[in-house]
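One structure is given below, encoded as structure tokens.
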Amino acid sequence: MDQSEQKLPDIIPTHVAIIMDGNGRWARERHLPRLAGHRAGVEKLRRVLRAAVEFGIRYLTIYAFSTENWERPSREVRGLMNILEDVIDRELAEMHKNGVQLRHIGRLEGLSPELQEKVRHAIELTKDNKRLVLNVAWNYGGRDEIIHAIQGMIDDGVDSADVDEDMVHRYLFTSESPDPDLVIRTSGELRVSNFLIWQSAYSEWVFPDTYWPDFGPDQLREALWDYARRERRFGTVTAPIA
Ligand code: IPE
Ligand code: IPE
Ligand code: MG
């Protein structure tokens with residue numbers, strides 16, 4: 001890595017979202033079960049979270065379990081649920097100490113009652129923390145989120161004439177976060193896989209060719225440099241045309 005890249009760029013995105021992908025392939029290359037890849041991924045999440053706080057990122061959203069991931073073998077699904085439970089048990093105190101506010105996006109009601117209770121407790125405990133908001137996308141799907149928002153508006157009797165982008169934003173699971181500035185998908189896959197499909201309309205994307213269990217603070221810093229070099233135009237022009 002170039003020496004200058006050890007530093008941080010001047011422009012740091014407020015909100016970074018990550019599709020943590022490649023745990024299974026990481027494990028397969030090592031002749032390990034897929035769950036070993038997921039466990040290795042948790043270790044990287046811990047480091048990346050710490051780095052995100054240190055780098056001054058204010059919102060971090062992580063895609064950890066999609067609405068489609070229920071279709072995986074039941075052993076893997078159970079293993080992933082156990083991992084979520086373990087992470088809350090082991091990491092909550094440290095996250096709280098570091099000023100991390102935990103939020104959940106997705107349908108919590110799809111989880112076991114015990115797990116729902118743990119997640120609710122973690123959210124309640126950390127709700128006043130201000131250093132970094134960590135949105136955990138678990139049982140999350142972008143299409144499902146839009147359906148949930150439409151249902152919410154209908155249930156609240158919202159007048160169709162009042163539906164605009166701000167209104168939709170208020171009904172999304174991410175209503176309390178700004179749209180992501182940067183979305184990172186690890187593992188080399190070049191697709192959205194139902195993640196933040198409304199919110200990422202004008203996000204910058206990077207696709208590091210690294211499996212999630214190999215992604216750490218250095219790779220996050222590299223992604224931030226990539227982001228800092230982009231020119232965000234939002235459909236307009238940056239300089240007046242002569
Ligand atoms: C991402 O890694 C983690 C989850 C989806 C839970 P994968 O499990 O999708 O890993 P690959 O894509 O099979 O390598
Ligand atoms: C997206 O990855 C979901 C998560 C990382 C949690 P997947 O591995 O499930 O997505 P596809 O199947 O490659 O599109
Ligand atoms: Mg995958």
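Where a number appears in this text, it was derived from the coordinates with a stated rule and is not lab data. On a predicted model such as this, the values are computed, not experimentally measured, just so you know. Here Cβ is always computed from backbone atoms with ideal geometry, including for glycine, and neighbour counts include all displayed protein chains.
Structure notes:
- Hey, V16 among the β-branched types (V, I, T), under 14 Å from L132 (Cβ atoms) and more than 16 Å from ligand 2 (Cβ to nearest atom) or not: no
- Matching residues in the stretch 26-66 - criterion: being assigned to a loop (DSSP other than H, G, I, E, B), surrounded by fewer than 18 Cβ atoms within 10 Å (Cβ to Cβ) and in contact (Cβ under 8 Å) with a residue 60 or more places away in the chain: R58
- Residues of the stretch 100-109 include none that is within 16 Å of ligand 3 (Cβ to nearest atom) and polar (S, T, N, Q).
- Residue list for the stretch 47-84, restricted to those being under 24 Å from N98 (Cα atoms) and aliphatic (A, V, I, L, M): V48, L49, A51, A52, V53, I57, L60, I62, A64, I83, L84
- Residue in the stretch 67-83 that is more than 12 Å from ligand 2 (Cβ to nearest atom), under 16 Å from the mean Cα position of the chain (by Cα) and buried (at least 17 other Cβ atoms within 10 Å of the Cβ) present: no
- Matching entry among E85, E54 (being touching a Leu at 6+ places or on another chain (Cβ under 7 Å), more than 16 Å from ligand 3 (Cβ to nearest atom) and of a type in the set (D, E, K, R)): E85
- For the stretch 2-21, the condition of being within 15 Å of ligand 3 (Cβ to nearest atom) and either small (G, A, S) or out of contact with any strand residue (DSSP E or B) (no Cβ under 9 Å at 6 or more places or on another chain) (or both) holds for none of the residues.
- Residue in the stretch 57-82 that is farthest from ligand 3 (Cβ to nearest atom), counting only those that are closer than 22 Å to F195 by Cβ and among the small types (G, A, S): G79
- Qualifying residue in the stretch 46-55 (condition: within 22 Å of R191 (Cβ to Cβ) and either more than 16 Å from ligand 1 (Cβ to nearest atom) or not acidic (D, E) (or both)): yes
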